[in-house]
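*Asks:* First the structure, then my questions, so here it is.
The values are calculated or read from the model by the stated rules, or taken from the named source; none is laboratory data. What you see is a predicted model; the values in this text were computed from it and never measured. FYI the Cβ positions are ideal-geometry reconstructions off the backbone, even for glycines, and counts take in every protein chain you see. Quick note on the areas: whole protein, heavy atoms, side chains included, nothing else; ligands and nucleic acids left out. Shrake-Rupley method; radii C 1.70, N 1.55, O 1.52, S 1.80 Å.
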Amino acid sequence: MQIAELIPTRKPFFSLEFFPPKERETWPRFFAEVEKLKAVNPLFVSVTYGAGGGTQANTLDVVTHLKRELDLEPMAHLTCVGASSAALRGFLEAISRAGIDNVLALRGDPPKNNPDFRFEGQEFQHASDLVRFIRTEFPAMGIGVAGIPTMHPESASLDDDLKWVRHKVDAGGQFVVSQLFFENELFLTYVKRLRERGVTVPVLPGVMPILSMKSAEFIATLNGRAVFGGFYEELERAFAAGGDEAVRALGLARAVAQVQGLIDAGVPGVHLYTLNRAEACLAIVDKITFP
Ligand code: FAD
C-alpha cells in the first residue's frame, strides 16, 4: 500500500530506517534485529541504497525479505545520480514484482572515485527528474522525497532549497522525510517555511540516537557540524567525562526528548534512523507518552 495512504490512518506513528549490511553472512542477525523492532508497530520501514557502498541488489533483497518474511511495509531508497533510465526502470520493475509499493526518490551524491563527474549532461540531474520518471512510468508507486532542515550543502540559500523541495512535491512527491537534526526548533521552523511555500504534504522528522562519539564524528563528516547545533559540544564534554557510556546515555536521552517534543508538537509520525540496532530504538519508544 502507498505510504501516503497509510499516513492518515494512524497518528502518531513510527517509521524505521535500515541499511543493508554489506556481508550477507550477517543478514540473519540483521533480520533478527528488525524482527525485534516489530514491537514498535512501524507504519513503514525504509532501506537505504548506495550510501556506504551498498548495492541496488542488496536493497532489493532486503526490502523483498522485509515484505515477504516479516510482513512489513518497506520503502526502497533509490538514487538517480549517474544512472540510466534503463537501469532505473529495471530496478523499479524488480521492486514492483516483489510487491514493494514505495520508493524514496533521491538524487544521491556524485561518485567519490570520479573527480571529473559533472551533473550537466546526465540523464537525471535532480531528484525531481526521478520523481517525474517514476510518476510517469510507474503510476501505482508511492513516492517520498528527502528534505534537509539545515539545507542541502549545495544550495545557495534556504529559500532556494525550499523552492526545489516544492518542485519535487509538485512533480509527484507525496511526503517528505527529513535528514536527522538535533534541535526540534530547526525542524518545526523548516516545516513552517515549507507550508509558507505551499508544500502541504506530510513532512516526517528523522531522529537518530547518538550511541558513540565515533558515530557523532561520522555524522559530522557526512553532514557538517551545523546539523548538531550545540549538541556536538555537549557530546564531547560527556565523552571527556565518561567515555562512550556517557555519550550513549546522553544520546538516548536527547532522542527521547526530541521524539516526545515532536509528538507533542503534533507531527504525523517520527522516522527513526535505527542504525540496524533494535535495543536503542526500543529503549526510546518505551519512554514516550502518547497523546
Ligand atoms: P535534490 O532534491 O536533487 O537536491 C540536491 C541539490 O540540488 C539541492 O541543493 C537542491 O536545492 C538542488 N536542486 C534540486 N532540484 C533542482 C533543480 N531542478 N534545479 C536546480 N537545483 C536543484 N543517499 C544515498 O546515496 N542513499 C540513500 O539511501 C540516501 N537516503 C537518504 C535519506 C534521507 C531521508 C535523506 C535526507 C538523504 C538521503 N541520502 C541518501 C542523501 C542524498 O542522496 C543527498 O543528500 C544528495 O546530495 C541530495 O539528494 P536529494 O534527493 O535531496 O537531491
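*Asks:* Do we have any residue at all in the stretch 261-270 that's of a type outside the set (Lys, Arg) and in a strand (DSSP E or B)? Let's see the steps before the verdict.
*Replies:* Restricting attention to the stretch 261-270, the residues satisfying the condition of being of a type outside the set (Lys, Arg) are 261-270.
Keeping just the survivors that are in a strand (DSSP E or B) gives 269-270.
Yes, the stretch 261-270 contains at least one residue that is of a type outside the set (Lys, Arg) and in a strand (DSSP E or B).
*Asks:* Given Lys11, Lys22, which one is within 16 Å of the ligand (Cβ to nearest atom) and outside any helix (DSSP H, G or I)?
*Replies:* On the way: Lys11 fails: within 16 Å of the ligand (Cβ to nearest atom).
Lys22 is the lone residue from the list that is within 16 Å of the ligand (Cβ to nearest atom) and outside any helix (DSSP H, G or I).
*Asks:* Assess whether Lys67 counts as being farther than 28 Å from Pro202 by Cα and either in contact with a strand residue (DSSP E or B) (Cβ under 9 Å, 6 or more places away or on another chain) or within 16 Å of the ligand (Cβ to nearest atom) (or both).
*Replies:* Working: farther than 28 Å from Pro202 by Cα: no; either in contact with a strand residue (DSSP E or B) (Cβ under 9 Å, 6 or more places away or on another chain) or within 16 Å of the ligand (Cβ to nearest atom) (or both): yes.
The answer is no for Lys67.
*Asks:* In the stretch 137-146, which residues are open to solvent by less than 50 Å² (accessible area, probe 1.4 Å) and not in a loop (DSSP other than H, G, I, E, B)? Reasoning before the result, please.
*Replies:* So in the stretch 137-146, the residues open to solvent by less than 50 Å² (accessible area, probe 1.4 Å) come out as 138, 141-146.
Selection gives Gly142, Ile143, Gly144, Val145, Ala146.
*Asks:* Can you find even one residue in the stretch 240-249 that is under 20 Å from the mean Cα position of the chain (by Cα) and surrounded by 16 or more Cβ atoms within 10 Å (Cβ to Cβ)? Full working, then the answer.
*Replies:* Initially, the stretch 240-249 is screened for residues under 20 Å from the mean Cα position of the chain (by Cα), giving none.
Within the stretch 240-249 (the criterion being under 20 Å from the mean Cα position of the chain (by Cα) and surrounded by 16 or more Cβ atoms within 10 Å (Cβ to Cβ)), the answer is no, since none of the residues qualifies.
*Asks:* Let me ask something additional. Cβ-Cβ below 7 Å, separation at least six or inter-chain, first residue in the stretch 176-199 and of a type in the set (Lys, Arg), second surrounded by 23 or more Cβ atoms within 10 Å (Cβ to Cβ): which pairs?
*Replies:* none
*Asks:* From (1) near the ligand (Cβ under 10 Å from one of its atoms); (2) open to solvent by less than 10 Å² (accessible area, probe 1.4 Å), pick out the condition that doesn't hold for Asp161.
*Replies:* Result: Asp161 fails condition (2) only.
*Asks:* Related question: Give the residue that is most open to solvent (accessible area, probe 1.4 Å), with candidates limited to residues of the stretch 36-57 that are more than 11 Å from the ligand (Cβ to nearest atom) and either in a helix (DSSP H, G or I) or at pLDDT below 95 (or both).
*Replies:* In the first step, residues of the stretch 36-57 are kept if they are more than 11 Å from the ligand (Cβ to nearest atom); the result is 36-45, 55, 57.
After this cut, where a residue has to be either in a helix (DSSP H, G or I) or at pLDDT below 95 (or both) as well, the list is 36-40, 55, 57.
Working: Lys36: 108, Leu37: 1, Lys38: 82, Ala39: 86, Val40: 20, Thr55: 63, Ala57: 54 Å².
It comes out as Lys36.
*Asks:* Hey, another quick one. Name the single residue that is nearest to Asp286 (Cα to Cα) among those in the stretch 66-87 being more than 19 Å from the chain's Cα centre (by Cα) and either open to solvent by 60 Å² or more (accessible area, probe 1.4 Å) or of a type in the set (Lys, Arg) (or both). Outline the logic, then answer.
*Replies:* Pass one, the stretch 66-87, residues more than 19 Å from the chain's Cα centre (by Cα): 68-71, 82-87.
Next, only the ones that are either open to solvent by 60 Å² or more (accessible area, probe 1.4 Å) or of a type in the set (Lys, Arg) (or both) stay: 68-69, 71, 86.
Details: Arg68: 27, Glu69: 25, Asp71: 22, Ala86: 45 Å.
Selected residue: Asp71.
*Asks:* Out of everything in the stretch 125-165 that is among the small types (Gly, Ala, Ser) and touching a residue at least 12 places away in the same chain (Cβ under 8 Å), what residue ends up being nearest to Pro110 (Cα to Cα)? Before the answer, list the steps.
*Replies:* Our first condition is that a residue be among the small types (Gly, Ala, Ser); within the stretch 125-165, this holds for 127-128, 140, 142, 144, 146-147, 155-157.
So of that shortlist, the ones also touching a residue at least 12 places away in the same chain (Cβ under 8 Å) come out as 127-128, 140, 142, 144, 146-147.
On the way: Ala127: 13, Ser128: 16, Ala140: 29, Gly142: 25, Gly144: 21, Ala146: 17, Gly147: 18 Å.
That would be Ala127.
*Asks:* Then there is this: Counting just the residues of the stretch 147-158 that are open to solvent by less than 30 Å² (accessible area, probe 1.4 Å) and not hydroxyl-bearing (Ser, Thr, Tyr), which one comes out nearest to the ligand (Cβ to nearest atom)? Show your work before the answer.
*Replies:* Applying the first criterion (open to solvent by less than 30 Å² (accessible area, probe 1.4 Å)) to the stretch 147-158 yields 147, 149, 155.
From the residues that got through so far, the ones that are not hydroxyl-bearing (Ser, Thr, Tyr) too are 147, 149.
On the way: Gly147: 6, Pro149: 9 Å.
Selected residue: Gly147.
*Asks:* Go through the residues of the stretch 116-136 one by one and say whether even a single one is open to solvent by 20 Å² or more (accessible area, probe 1.4 Å), touching a Gly at 6+ places or on another chain (Cβ under 9 Å), within 15 Å of the ligand (Cβ to nearest atom) and among the polar types (S, T, N, Q).
*Replies:* Checking the stretch 116-136: at least one residue is open to solvent by 20 Å² or more (accessible area, probe 1.4 Å), touching a Gly at 6+ places or on another chain (Cβ under 9 Å), within 15 Å of the ligand (Cβ to nearest atom) and among the polar types (S, T, N, Q).
*Asks:* Please specify each residue of the stretch 77-92 satisfying the condition of being in contact with a strand residue (DSSP E or B) (Cβ under 9 Å, 6 or more places away or on another chain) and more than 16 Å from Leu275 (Cα to Cα).
*Replies:* Leu78, Thr79, Cys80, Val81, Leu88, Phe91, Leu92
*Asks:* So, one more: If a residue must be open to solvent by 40 Å² or more (accessible area, probe 1.4 Å) and over 16 Å from the mean Cα position of the chain (by Cα), how many such residues does the stretch 1-25 contain? Don't jump to the end; show me each part of the working.
*Replies:* Initially, the stretch 1-25 is screened for residues open to solvent by 40 Å² or more (accessible area, probe 1.4 Å), giving 1, 5, 8-11, 19, 22-25.
Next cut, over 16 Å from the mean Cα position of the chain (by Cα) only: 1, 5, 8-11, 22-25.
Residues that pass the stated criteria total 10.
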